[in-house]
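A.B. asks: My questions will all concern the structure given below.
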């Protein structure tokens, strides 16, 4: 599915959400959440193709594929935390949104520790 179709789904979802907000604000939130999931569902083929490419690259890299998988995990954490944060902001929970963002950043730092330790080992070998 192309970006134009996804943009149209988002615009229609936003318009329906605004319409529902006048009737029942909670239905508006459900509409935004459903629209986000629908967009994510339509992106699954692209995500699957990306994961297949990553698997092919990891086969070619051999033992160094650990770092490629780790980088993909970090990117996944960033996208998921951003998605959850946006949902929280749309619901009017800015504090919860900020906490989700902070937790995502913290998880990224924790997951990146093996890369940082390997970088330190390389620096120690050079100097």
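All of the numbers you see were taken from the coordinates with simple rules; none came from a lab. Values in this document were obtained by computation on a predicted structure and should not be read as measured data.
A.B. asks: Quick one, which of (i) 1.17; (ii) 1.11; (iii) 1.41 is the actual Cα Rg over 2.2 N^0.38 Å calculated for this model?
C.D. replies: Checking each listed value against the structure points to (iii).
A.B. asks: Do you know the relative contact order of segment 1-42, to the nearest whole percent, from alpha carbon pairs under 8 angstrom that are 6+ apart?
C.D. replies: 44
A.B. asks: Just to confirm the number: angle between the C-alpha axis of helix 3-23 and the first principal axis of the chain, 0 to 90 degrees, nearest 10?
C.D. replies: 50
A.B. asks: Could you give the distance between the Cα centres of segment 6-83 and segment 94-127, to the whole Å?
C.D. replies: Segment 6-83 and segment 94-127 have Cα centres separated by 22 Å.
A.B. asks: Next question, about the same structure. What does the helix-only formula give at 222 nm for the chain: each DSSP H stretch with n ≥ 4 adding -39500 (n - 2.57), the total divided by the residues, and the result rounded to the nearest 500 deg cm²/dmol?
C.D. replies: Calculated mean residue ellipticity at 222 nm is -31000 deg cm²/dmol.
A.B. asks: On a 0 to 90° scale, report how tilted helix 44-61 is relative to the longest principal axis of the chain, with both axes built from alpha carbons and the result rounded to the nearest 10.
C.D. replies: Between helix and principal axis, roughly 0 degrees.
A.B. asks: Over the Cα atoms of segment 1-42, compute the convex hull volume and normalise it per residue, giving Å³.
C.D. replies: Each residue corresponds to 37 Å³ of Cα convex hull volume.
A.B. asks: Per 0.36 nm of contour for each residue apart, how much would the distance between residue 111 and residue 66 grow if the chain were fully extended, relative to their Cα-Cα spacing?
C.D. replies: 15.0 nm
A.B. asks: Relative to the longest principal axis of the chain, what angle (0 to 90°, nearest 10) does the C-alpha long axis of helix 25-42 take?
C.D. replies: Its long axis makes an angle of about 50 degrees.
A.B. asks: May I ask you to compute the full-extension gain from residue 121 to residue 49, defined as 0.36 nm times their residue separation minus their alpha-carbon distance, rounded to one decimal in nm?
C.D. replies: 22.5 nm
A.B. asks: If contacts are Cα pairs under 8 angstrom and at least 6 residues apart, what is the relative contact order of the chain in percent?
C.D. replies: It comes to 17 percent, rounded to a whole number.
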